[in-house]
Amino acid sequence: MQLSREDLLKAYRQMKTIRVFEERLHDEFATGDIPGFVHLYAGEEASGVGVCLNLNDNDYIASTHRGHGHCIAKGCDVSGMMHEIFGRADGLCGGKGGSMHIADLERGMMGANGIVGGGPPLICGAALTAKTLGTGGVAVAFVGDGGSNQGTTMESLNLAKVWNLPVIFVVEDNGYAEATSSSWAVAGDAVRRAAGYDIPAQQVDGHDFFAVNEVAREAVERARAGDGPSLLHVKLSRYYGHFEGDAMTYRDPDEVSKLRQDKDCLDLFQKRVNEAGLLEPAQFEEIDRDVATLIDDAVASARAAPVPSAQDLLTDVYVSY
Amino acid sequence: MAKKSVRQAINEALASEMRRDPRVVIMGEDIAGGMGAPGEDDAWGGPLGVTKGLLGEFGRDRVLDTPITESAFIGAAAGAAATGLRPVAELMFVDFMGVCFDQIYNQAAKFRYMFGGKAVTPLVVRTMYGAGLRAASQHSQCLYPMFTHIPGLKVVIPSSAYEAKGLLIQAIRDDDPVVFFEHKAMYDEEEEVPDEAYTIPFGEANITREGDDVTVVAFGRMVQFANQAADKLAKEGITCTVIDPRTTSPLDEDTILEEVAATGRLVVVDEASPRCNMATDISALVAQRAFSALKAPVRMVTPPHTPVPFAADLEDLYIPGPAQIEQAIREVAA
Ligand SMILES: Cc1ncc(C[n+]2csc(CCOP(=O)(O)OP(=O)(O)O)c2C)c(N)n1
Ligand SMILES: [Mg+2]
């Protein structure tokens with residue numbers, strides 16, 4: 001299937017938004033004004049966007065601690081996210097969750113997650129709801145290479161298969177879990193593991209938006225058709241530390257600059273689109289300007305926004321009590 | 001004596017026990033770091049640098065990095081403990097107990113009893129707890145009451161660098177499974193710590209302030225806040241006995257009861273969620289065994305019954321501090 005011009009523009013806008021959002025957060029974090037743990041998705045944009053372009057508000061995703069990109073790709077309000085990360089009362093979660101817990105159920109975003117491997121079982125539940133109520137929705141669990149080893153992920157693969165759930169497991173393998181290489185920590189590989197459960201699986205170059213989008217489309221179609229779960233093993237790169245403040249001494253000193261040079265998903269996207277003459281340079285420039293303004297405004301308004309009040313501490317624990 | 005941080009004190013305790021006993025091994029996620037990666041070995045030395053340098057001295061056979069599979073490696077530590085090693089496993093944040101709790105509370109904790117006294121399980125689980133780092137709901141809990149609830153586990157909550165070193169060495173030499181709680185906001189706090197190894201016995205409370213008017217029992221990071229409140233009130237003539245029980249299991253009930261008998265007034269300070277926590281436990285103890293000594297109702301200083309919030313202003317409101325402790329002491333002393 002050919003992507004429309006609108007799809008291409010949307011994909012570029014989202015990838016660019018994620019990139020600028022994350023690079024700006026990197027700078028804002030350095031000022032000391034952002035509390036807590038922040039894990040950046042820069043470098044991995046083609047995965048979240050490539051997958052989520054196949055989804056709608058009726059579909060669910062479950063994310064990880066590295067969740068900003070998934071949120072944006074699933075349509076969460078960018079300014080609301082920024083406010084949340086700054087801990088503001090009008091943030092997407094009222095300032096109660098922060099970077100690691102951004103969620104927007106109305107957008108089908110079941111939350112970033114502080115627990116590695118927390119998402120896959122939840123997404124089996126979302127898929128069960130879709131199947132039981134016949135909503136036509138599908139559910140996507142993003143999980144890292146590190147998270148792919150958790151028992152919860154293994155058990156979810158099995159459950160999704162035996163219940164024939166409309167789930168897509170997306171293993172985002174950025175080569176590292178914290179300071180540990182996936183080449184050491186992951187025995188075997190994700191595709192062969194999935195094969196053990198009779199789950200169709202494919203490895204894909206996560207720097208290539210088009211490749212991710214294509215294999216994700218097949219997996220989503222399979223799920224929507226009632227043909228059960230799939231797994232994508234997406235190989236990609238993270239540009240910053242595990243969290244903001246990580247000195248990354250476990251990497252080659254020039255590893256990231258080489259990746260930015262040769263494998264950048266935004267560059268590859270532009271090159272491909274330009275070569276095929278699908279979009280005009282002016283269209284990219286216009287999006288770049290929009291995105292710059294969007295992020296500038298989000299930061300400025302987040303900085304100016306009110307913090308939660310004392311009463312907020314005690315609300316939202318229960319529906320009724 | 002040199003001043004050392006809590007981080008250094010724990011590192012020294014691990015190093016000295018690993019030197020002393022080749023059966024002591026440590027394991028956890030990135031406790032060294034750099035496995036299979038192109039850059040430096042020991043790149044992290046633990047997420048907050050607590051185990052840094054141990055790889056250099058003891059090597060990969062005794063400093064075991066693990067995949068992110070808590071159920072497997074905490075369980076493996078329990079199994080290794082029951083069969084001849086003395087593992088110290090790091091559960092990075094105690095909040096992750098949900099992933100591996102079965103291996104701790106149904107397996108390690110119960111071996112000895114279920115097997116008719118035949119098993120010895122010298123397991124230590126080191127874990128980070130507590131609020132204050134804006135780490136939000138899944139990385140800020142205390143949860144030690146849940147471990148205290150389980151027969152077969154010993155539960156240790158050091159309140160300072162000196163305490164941490166002596167209690168951790170005791171934990172490693174102890175033949176029962178021990179869960180050792182490190183407050184993540186305390187790693188940089190310093191005090192004088194001996195270079196040589198020493199132990200602090202479990203179940204023997206430490207009295208950090210002596211006074212006549214009110215007994216304050218506090219745990220972990222709350223001990224320093226209780227001391228601050230006591231010091232402030234002492235200037236006004238309200239004097240407090242501050243008790244740091246050091247371990248919640250075993251619990252030094254005698255010291256608490258003796259001191260409450262002497263003052264007749266009790267404030268319990270606990271950073272854990274307020275229902276079924278150490279504050280309720282100690283209040284129940286005193287209600288049963290020192291009721292007639294009480295001159296005022298017991299006061300508990302705890303956070304509210306909510307998850308730990310992210311926003312700084314909310315988290316600061318959430319955590320009990322010296323001001324609330326002072327207020328509670330004034331109320332029971334009035
Ligand atoms: C159950 C659990 N164990 C450990 C952690 C600490 N932790 C947070 S992120 C992370 C690494 C995750 O690696 P990966 O799944 O590859 O995701 P990436 O960070 O590379 O995106 C670890 C160990 C956690 N949050 N939850
Ligand atoms: Mg990873």
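Cα to Cα, under 15 Å, and not fewer than 8 places away if on the same chain: which aspartates and glutamates meet these conditions relative to A:K161?
Within the straight-line limit of under 15 Å, A:K161 reaches these aspartates and glutamates: A:D198, A:D227.
Only bridges with both residues in segment A:5-306 count here: give the DSSP antiparallel percent, nearest 5.
10
Between segment B:266-334 and segment A:66-93, what is the separation of their alpha carbon centroids in Å?
35
If amide H atoms are built 1.01 Å from N in the plane of the peptide, which residues on other chains or at least 5 residues away come under 5 Å of the amide H of A:N174?
HN-HN under 5 Å from A:N174: A:D145, A:L236.
Which lysines have a Cα less than 23 Å from the Cα of B:K52, not counting those fewer than 8 places away in the same chain?
Partners found: B:K3, B:K4, B:K165, B:K184.
Can you give me the C-alpha center-to-center distance between segment B:91-142 and segment A:142-209, rounded to a whole angstrom?
A separation of 27 Å, based on Cα centres.
Return the distance in nm (one decimal) between the two label points of a simple spin-label model at B:C276 and B:D21, each offset 7 Å from Cα along Cα→Cβ.
For the pair B:C276/B:D21, the computed spacing is 3.2 nm.
Tally Lys/Arg at +1 and Asp/Glu at -1 over every other residue whose Cβ is under 12 Å from the Cβ of A:G114; what's the total?
Around A:G114, the charge tally is 0.
Of the listed peptides B:262-275, A:136-149, what is their order by residue-averaged count of other C-beta atoms within 10 Å, with the highest listed first?
Numbers: B:262-275: 23.1, A:136-149: 26.7.
Ranking the peptides B:262-275, A:136-149 by packing returns A:136-149, B:262-275.
Counting only helical runs of four or more DSSP H residues, what would the 222 nm mean residue ellipticity of the protein assembly as shown come to if each run contributes -39,500 (n - 2.57) and the total is spread over all its residues?
Per the formula, -12000 deg cm²/dmol.
How do A:307-313, A:227-233, B:253-259 rank on mean C-beta neighbours within 10 Å, highest first?
Highest mean packing first, the order is A:227-233, B:253-259, A:307-313.
Could you compute the net charge surrounding B:F225? Neighbours are other residues with a C-beta less than 14 Å from the C-beta of B:F225; K and R count +1, D and E count -1.
-4
Points 7 angstrom from Cα along the Cβ direction at A:T31 and B:E192: gap in nanometres?
4.5
Of all beta bridges DSSP finds with both residues in the protein assembly as shown, what is the antiparallel percent, to the nearest 5?
15
What does DSSP give for chain B in terms of the percent of beta bridges that are antiparallel, rounded to the nearest 5?
20
For segment B:206-333, what is the charge dipole size about the Cα centre, in debye to the nearest 20, if Lys and Arg each add +1 at the Cβ and Asp and Glu each add -1 at the Cβ? Mind showing how you got there, number by number?
Values: 11 positive and 19 negative charges, 45 e Å.
It works out to roughly 220 debye.
Tell me, what is the FRET efficiency for A:A310 and B:A334 to the nearest 0.05, using R0 = 25 angstrom and their Cβ-Cβ distance as r? Before the final figure, lay out each step's value.
Numbers: r = 25 Å, r/R0 = 1.01.
Efficiency computed from Cβ-Cβ geometry: 0.50.
Please report B:W44, A:W184 as a ranked list, fewest other C-beta atoms within 10 angstrom at the top and most at the bottom. If you can, show how the numbers build up before the last one.
Values: B:W44 26, A:W184 14.
Lowest count first: A:W184, B:W44.
Within 10 Å of each Cβ in peptide A:27-35, how many partner chain Cβ atoms are there on average? Round it to a whole number, please.
1
Loop only per DSSP, at most 10 neighbouring Cβ atoms within 10 Å: give me the trypsin sites (Lys or Arg not before Pro) in segment B:14-114, ordered by residue number. Each step should come with its number before you reach the end.
Values: sites: B:R19, B:R20, B:R23, B:K52, B:R60, B:R62, B:K110, B:R112; in loops: B:R23, B:K52, B:R60, B:R62, B:K110.
Here no loop site has a sparse enough neighbourhood.
Excluding B:M1 itself, calculate the net charge of residues whose Cβ lies under 11 Å from the Cβ of B:M1, where each Lys or Arg counts +1 and each Asp or Glu counts -1.
Charge balance in the 11 Å sphere: -2.
Quick one: putting +1 on the C-beta of Lys and Arg, -1 on the C-beta of Asp and Glu, what dipole do you get for segment A:90-249 around its Cα centre, in Debye to the nearest 20?
Dipole size: approximately 420 debye.
Lone cysteines in chain A, defined as no other cysteine's Cβ under 4.7 Å from theirs: which are they?
A:C52, A:C93, A:C124, A:C265
Charges on Cβ only, +1 for Lys and Arg, -1 for Asp and Glu, centred on the Cα centroid of segment A:17-165; of A:T129, A:G118, A:T17, which one is farthest towards the dipole's positive end?
Ranked along the dipole, the leading option is A:T129.
What's the average, rounded to a whole number, of partner chain beta-carbon atoms within 10 Å of each residue's beta-carbon in B:224-235?
Working: counts 0, 0, 0, 0, 0, 0, 0, 0, 0, 0, 0, 0.
Taking all residues of B:224-235 together, the mean is 0.
To the nearest 10 degrees, how steep is helix B:6-20 against the longest Cα principal axis of chain B, on a 0 to 90 scale?
Approximately 50 degrees, to the nearest 10.
Starting at the first residue of segment B:228-242, write each ³J(HN,Hα) from the Karplus equation 6.51 cos²θ - 1.76 cosθ + 1.60 with θ = phi - 60°, in whole Hz, x for Gly and Pro.
4, 5, 5, 5, 5, 6, 4, 5, 9, x, 9, 10, 10, 9, 9
Extension gain A:E6-A:E23, at 0.36 nm per residue separation less the Cα-Cα distance, in nm?
Here the segment from A:E6 to A:E23 would lengthen by 3.6 nm.
Dipole of segment B:3-192, Cα-centred, from +1 at each Lys and Arg C-beta and -1 at each Asp and Glu C-beta, to the nearest 20 debye?
Computed about the Cα centre, the dipole is about 560 debye.
Do the alpha carbons of any pairs in A:K74/A:K263; A:K96/B:K232; A:K96/B:K154; A:K10/A:K271; A:K10/A:K96; A:K10/A:K263 sit beyond 26 Å of each other, and which pairs?
As for pairs spanning more than 26 Å Cα to Cα, those are A:K96/B:K232; A:K96/B:K154; A:K10/A:K96.
Relative contact order, percent, of segment B:49-135 when contacts are C-alpha pairs under 8 Å separated by at least 6 residues?
Numbers: 92 pairs, mean separation 27.9, N = 87.
It comes to 32 percent, rounded to a whole number.
Quick note: the coordinates plus some simple rules give every number you see, no bench work behind them. These numbers come from a predicted model, not from an experiment. We place every Cβ from the backbone using ideal geometry, glycine too, and count neighbours over all the protein chains shown.
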